[in-house]
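What follows is a single structure, written as structure tokens, with notes after it.
We did not get these values from a lab; they are worked out from the coordinates using the rules stated. Nothing here was measured: the structure is a model prediction, and the numbers come from that model.
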Amino acid sequence: MFPLAIRSCAALAAVCVLALSAISAVRYVRFDNNEDWRGAASYLAKIHEPGKQRLVVFVANEGQLLYDYYRRRAKPEGALIERLTGLPDGFFAADPPRAGQRVARMEAAQALSALKAAAGSAPLDQVILVTSHAWRDADQVGLSTLKQHYVPAGERQFRGVRLYQFRAASSTFAGEAAAAPLPGGGAEVSRD
């Protein structure tokens, strides 16, 4: 076998690598800029109005999965009726789900079409745009599309997550769209 000195050096190197890995993991969890999905979901649970129709649109679409995870734990009072979708597609649009999709400038018409379909024929009382990676929609197609059809009602920043709130205008595209399934595997969720 190997001499004792080589085995001792190898053991010492292994202990050093493990110690550095542990320090790095602790530092990442405690100090790095993790996204605050818990805070965002809690805030949206707090501002819901029972019985009101709400559309939540995610750019980056994998936020739909994280939001849903924390939303189930927020336990709002009363029933919440909301539809979840993403731009350019919902997280669950493909099997297996695709993350990391970008919203390109040429997809503005697609974004409008997806939002119309997600709105369905029922008028929406509130639309929330949830952004978590600015480079995914560098041209802000989602934000500008919503500003054209809804009235901005506020903005809230959480660590790594930004919420844009919109309320229905007198003439939104919700009435124009035919009832259709939600685009991109979006889901309508009703929780008690």
- prompt: How far, in nm, would the chain grow between Tyr69 and Ile6 when pulled straight, counting 0.36 nm per residue and subtracting the alpha carbon separation?
  reply: 17.8 nm
query: Check Phe58: other-chain or 5+ apart residues with amide H under 5 Å from its amide H, H built from backbone geometry?
result: Thr85, Gly86, Leu87, Val130
The stretch 1-62 - convex hull of alpha carbons, volume per residue in Å³: 148
